[in-house]
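Chemist: Just dropping this structure here.
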Amino acid sequence: MVWDIAFYDEKLQRELLQLPPGMLAKLLHYLERIEIHGTNLGMPHTRAMDDGLFELRVKAEEGISRVFYCTVKGKKVVLLHYFIKKTNKTPVGDLKLAKIRMIEVKNADS
């Protein structure tokens, strides 16, 4: 495995592991692909947001979710925040929280 995946905190890890079974299976599959092939899986799986923030796009029978992540030194991916998608637009609050966490993680890594 080439890339290391970490969670922003244990709470996020617990919440992600409680996703509905189909979403969790897709998420784990995509994370395995990121570990092996790197962070850019391309559309429709990943998308660059801005300033180093990316989203992992998970779609299953139970619905759609997004997991924000960033990269830090040493081929490390940090999962920052997730939400269940209910509208066409990314909720501003979720995006802001992910950006705040990204800045925090990157500053801690410097």
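Chemist: Starting from the exponent 0.38 and prefactor 2.2 Å, build the expected Rg for region 28-68 from its residue count and divide its actual Cα Rg by it.
Modeler: Normalised Cα radius of gyration, region 28-68: 1.14.
Chemist: Using the Karplus equation 6.51 cos²θ - 1.76 cosθ + 1.60 (θ = phi - 60°), what ³J(HN,Hα) coupling, rounded to whole Hz, does each residue of region 98-104 give in order, writing x for Gly and Pro?
Modeler: Karplus-based 3J(HN,Hα) across region 98-104 equals 4, 5, 4, 5, 4, 4, 4 Hz.
Chemist: Over the Cα atoms of region 1-62, Rg to Rh with Kirkwood Rh, two decimal places? Display every interim value, and only then the final one.
Modeler: Numbers: Rg = 11.9 Å, Rh = 12.5 Å.
Reported Rg/Rh (Cα atoms, Kirkwood Rh): 0.95.
Chemist: Still on this model: At 222 nm, what helix-only mean residue ellipticity would the chain give, in deg cm²/dmol to the nearest 500, using -39500 (n - 2.57) for each DSSP H run of four or more?
Modeler: So the helix-based figure for the chain works out to -12500 deg cm²/dmol.
Chemist: Same structure, new question: How long is region 57-96 along each principal axis, judged by its Cα atoms, biggest number first, in Å?
Modeler: Principal extents (largest minus smallest coordinate, Cα): 34, 24, 11 Å.
Chemist: Quick one: compute the contact order of the chain, relative version, from alpha carbon pairs under 8 angstrom and 6+ residues apart, as a percent.
Modeler: 26 percent
Chemist: Per Stokes-Einstein, at 10 °C and 1.306 mPa s, what whole-number D in µm² s⁻¹ belongs to the chain, with the Kirkwood radius over Cα pairs as the hydrodynamic radius?
Modeler: 114 µm²/s
Chemist: Pairs of Cα atoms under 8 Å, at least six residues apart: use those to get the relative contact order of region 47-110, whole percent.
Modeler: Computed over region 47-110, the figure is 25 percent.
Chemist: Next question, about the same structure. First select every other residue whose beta carbon is under 12 angstrom from the beta carbon of Ala60; then total the charges, Lys and Arg +1, Asp and Glu -1.
Modeler: +2
Chemist: Further question: For region 1-100, what is the accessible area per residue in Å², given a 1.4 Å probe and the full set of protein chains?
Modeler: Details: 5860 Å² over 100 residues.
Dividing the accessible area of region 1-100 by its residue count gives 59 Å².
Chemist: Could you compute the net charge surrounding Ala25? Neighbours are other residues with a C-beta less than 12 Å from the C-beta of Ala25; K and R count +1, D and E count -1.
Modeler: That works out to -1.
Chemist: In the Gaussian network model of the chain, springs joining C-alpha atoms below 10 Å, which of Arg57, Arg66, Arg14 carries the largest mean-square fluctuation?
Modeler: Result for the chain, Cα springs under 10 Å: Arg14 fluctuates most.
Chemist: Picking from Ala6, Ile36, Tyr82, whose Cα lies most toward the positive end of the charge dipole for region 1-100 (charges on Cβ: Lys, Arg +1; Asp, Glu -1)?
Modeler: Of the options given, the answer is Tyr82.
Chemist: So which residue, out of Thr46, Thr71, Thr87, gets the largest mean-square fluctuation from a GNM of the chain using Cα contacts under 10 Å as springs?
Modeler: Its mean-square fluctuation being the largest, the pick is Thr87.
Chemist: Let me ask something else about it. May I ask you to list the aspartates and glutamates whose Cα is less than 13 Å away from that of Lys75, ignoring any residue fewer than eight positions away on the same chain?
Modeler: Asp4, Glu35, Asp109
Chemist: Here are some pairs, Lys26/Lys76; Lys59/Lys86; Lys26/Lys96; Lys76/Lys106; Lys59/Lys85; which of them have Cα atoms lying more than 18 Å apart in this structure?
Modeler: Exceeds cut-off: Lys26/Lys76; Lys26/Lys96.
The values are calculated or read from the model by the stated rules, or taken from the named source; none is laboratory data. Because the structure is a prediction, the values reported are computed rather than measured. Don't worry about glycine lacking a Cβ; one is built from the backbone with ideal geometry, like all the others, and counts go over all protein chains shown. When the accessible area is computed, the model is the full protein with side chains, heavy atoms only, and any ligands, DNA or RNA have been set aside. Shrake-Rupley method; radii C 1.70, N 1.55, O 1.52, S 1.80 Å.
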